[in-house]
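Working notes for the structure below.
The values are calculated or read from the model by the stated rules, or taken from the named source; none is laboratory data. Since the structure is predicted, the reported quantities are computational estimates derived from the model, not experimental observations. Virtual Cβ from ideal backbone geometry, glycine too; neighbours counted across all protein chains shown. To get the accessible areas, we keep the full protein, side chains included, count just its heavy atoms, and leave off ligands, DNA and RNA. Shrake-Rupley method; radii C 1.70, N 1.55, O 1.52, S 1.80 Å.
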Amino acid sequence: MSEQRSDVLVLFGATGDLAHKKIFPALYSMVKRGSLTEPVVGIAYDDWTVEQLVERAHDGIEGALGKVDEAVFKKLAGLLRYVSGDYRSQETFDKLKEALDGYREAMACHLGDVTEYLDLQSRLTAAERVAAVAGSARRRRAAAEDLARLRRGDVIHVPTGRRSGLAVVLDPGIDPDGVARPLVATEGRWAGRLSVADFRGPVPVLGRLKLGKVTEHRVPKVRRDLASALASSGIAPPPRRILAISFKRDAATNLAARVRQRCHRSHAGRLDSMTFDAFAKSLVDRFGQALPERWRPRPDYELMFPNDTAFRGFLFQDVGTPPKAIGSYADLQAISIKTFERSLLVGSPLPVLGWPDPTVGQWAADRFWQSSLHEGKKTFLSFPMIGRLAELLLRVNPMARDALRLTYSHLFMDEFQAMLAM
């Protein structure tokens, strides 16, 4: 019996951590044994080129296996293709079809071929999009109906944004068209009008406060008194939120979508599903100015995406010669780029006061940090650096920790082992 072989290997999530650490090393080993000669088409959300995918594959293979046989890797690199896009988008599958056109005849099979699968996936994607739009419309309609029923003195909960928390209705605010924009005062001493956009679904009335005939919400003392009345009313807000952290954007999006499909909207609305990078950045954006001065970024910091070339230029040119008491320029040159980036720069928690007796590597890492944070007109940070600043923030700032504890009752972590490495 002749051996049946696949004609093309399609790899979804090709830029992800799993592909980087496990799949590319496995593909490399298959090429080395001669068991992989078919094209490998990678698909991911990232707007990459095939050259970037090849570089990512080489990095993963080197990290997993150590030494790389460049002749073998050249064969693997020649097999790699890349399609950028969201797997939920029809356009992505159209691009994949174009990438597979050269193999269409070979893919034909009496059991069905790849193009039939792609057509099915496209129809499912379109159906999911229609369902999502319908679900959003239902939630907005439910919020609009509840807002229209509010009365003066009703206490509600604003779920998100700067106005989040308990709020008391001062004026139902129904316009001639029947659209409600209630005037409220919140426990955060803010007063203003709300709309459907401030809510994710139904707006239940949690209780009532007794108000005077006239409430001058523009007077600061009145707003303080209303905030105090809300705080002492004994009215409890809905259950705390649930935080889910994933490494990849697709995983975070998929988790949120699945919860919406399987749970009632009042429960699904409590979930905040985000990537580790997005969560860390949200902490630094909100609480970054509470970091110790040595590690405090400017509020208008910008993101940077340094590569091996940038790190090499810093180590061998920009950083200069270390002090004699720390080491020599030869010691500096002996540090590999990967060791500097992964171990020295972001591989361990940041010391609050800096390294007291630094090695030459720690000295170079500190120079990179300080130049990125404080030198020049703006602060520039990479996502791994933001992650380290977020960890330092929670370590030294009890108020930030308490804010998270008060906000979230449960935490779910995708790829738990990878999280522990952070």
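Only loop residues by DSSP count here, and only those with at most 14 other Cβ atoms within 10 Å; note down the chymotrypsin sites (Phe, Trp or Tyr not before Pro) in the stretch 307-390 that meet that.
Answer by residue number: there is no such site.
When the helices in the chain are scored as -39500 (n - 2.57) per DSSP H run of 4 or longer and the sum is shared across all residues, what 222 nm value do you end up with, to the nearest 500 deg cm²/dmol?
So the helix-based figure for the chain works out to -13500 deg cm²/dmol.
Nearest-5 percent of antiparallel DSSP beta bridges in the chain?
Counting only bridges with both partners in the chain, antiparallel ones make up about 40 percent.
Tell me the per residue accessible area of the stretch 223-351 using a 1.4 Å probe; a whole number in Å² is fine.
55
Between F412, S348, V169, whose Cα lies farthest towards the positive end of the dipole of the chain when Lys and Arg beta carbons carry +1 and Asp and Glu beta carbons carry -1, centred on the Cα centre?
V169
In whole Å, what is the distance between the alpha-carbon centres of the stretch 9-82 and the stretch 263-314?
Going from one Cα centre to the other spans 29 Å.
So what's the gap between the Cα centers of the stretch 141-212 and the stretch 340-394, to the nearest angstrom?
So the separation of the two Cα centres works out to 45 Å.
Report ³J(HN,Hα) in whole Hz for each residue of the stretch 145-154, in order, from the Karplus equation J = 6.51 cos²θ - 1.76 cosθ + 1.60 where θ = phi - 60°; Gly and Pro get x.
After applying 6.51 cos²θ - 1.76 cosθ + 1.60, I find 5, 5, 4, 5, 8, 5, 10, 4, x, 5 Hz.
Which loop-located trypsin sites (Lys or Arg not before Pro) does the stretch 326-415 contain, where loop means any DSSP state but H, G, I, E or B and the Cβ has at most 10 other Cβ atoms within 10 Å?
Within the stretch 326-415, the qualifying trypsin sites (Lys or Arg not before Pro) (loop, at most 10 other Cβ atoms within 10 Å) are K377.
Once the Cβ-Cβ distance between T37 and D69 is put in as r, and R0 is 25 Å, what FRET efficiency do you end up with, to the nearest 0.05?
My answer for the efficiency is 0.90.
Check which residues have an amide H placed less than 5 Å from G42's amide H, if you skip close sequence neighbours.
L11, R81, Y82, V83
Mind checking the dipole of the chain: about its Cα centre, +1 per Lys or Arg Cβ, -1 per Asp or Glu Cβ, Debye to the nearest 20?
2360
About its Cα centre, how strong a charge dipole does the stretch 367-408 have in debye, to the nearest 20, once Lys and Arg get +1 and Asp and Glu get -1 at the Cβ?
60
Kindly rank 180-187, 282-289 from highest to lowest mean number of other beta carbons found within 10 Å of each residue.
Those peptides, ordered most packed to least, come out 180-187, 282-289.
Sequence-distant or interchain residues sharing an amide H contact under 5 Å with T275, placed H: which?
The list, which skips near neighbours in sequence, is S246.
Return the sequence-ordered ³J(HN,Hα) values of the stretch 203-211 in whole Hz as given by the Karplus equation 6.51 cos²θ - 1.76 cosθ + 1.60 applied to θ = phi - 60°, using x for Gly and Pro.
10, x, 7, 8, x, 9, 10, 7, 10
Charges on Cβ only, +1 for Lys and Arg, -1 for Asp and Glu, centred on the Cα centroid of the chain; of V130, I235, M30, which one is farthest towards the dipole's positive end?
I235
For the stretch 282-345, rounded, prolate or oblate, judged on the Cα gyration tensor with a ≥ b ≥ c (square roots of eigenvalues), a/c < 1.5 rounded, else prolate if a/b > b/c?
prolate
Based on the alpha-carbon gyration tensor of the chain and its eigenvalue square roots a ≥ b ≥ c, which shape applies: rounded if a/c is under 1.5, prolate if not and a/b is larger than b/c, or oblate?
Note, shape of the chain comes out oblate.
Rounded, prolate or oblate for the stretch 185-251? Axes are the square roots of the Cα gyration tensor eigenvalues, ordered a ≥ b ≥ c, and the cut-off for rounded is a/c under 1.5.
prolate
Return the sequence-ordered ³J(HN,Hα) values of the stretch 187-193 in whole Hz as given by the Karplus equation 6.51 cos²θ - 1.76 cosθ + 1.60 applied to θ = phi - 60°, using x for Gly and Pro.
Each residue's phi maps through the Karplus curve to give 5, x, 6, 9, 9, x, 9 Hz.
Can you pull the percent of the chain's accessible area that's carbon plus sulfur, 1.4 Å probe, other chains left in place?
That share works out to 54 percent.
Whole number in Å², please: accessible area per residue of the stretch 1-66, 1.4 Å probe, ligands, DNA and RNA not counted.
Spelled out: the 1.4 Å probe surface of the stretch 1-66, per residue, equals 56 Å².
Please name whichever of T275, P204, P182 sits farthest to the positive end of the charge dipole of the stretch 159-289, dipole taken about the Cα centre and charges placed at Cβ: Lys and Arg +1, Asp and Glu -1.
With unit charges placed on the Cβ atoms, the residue in question is T275.
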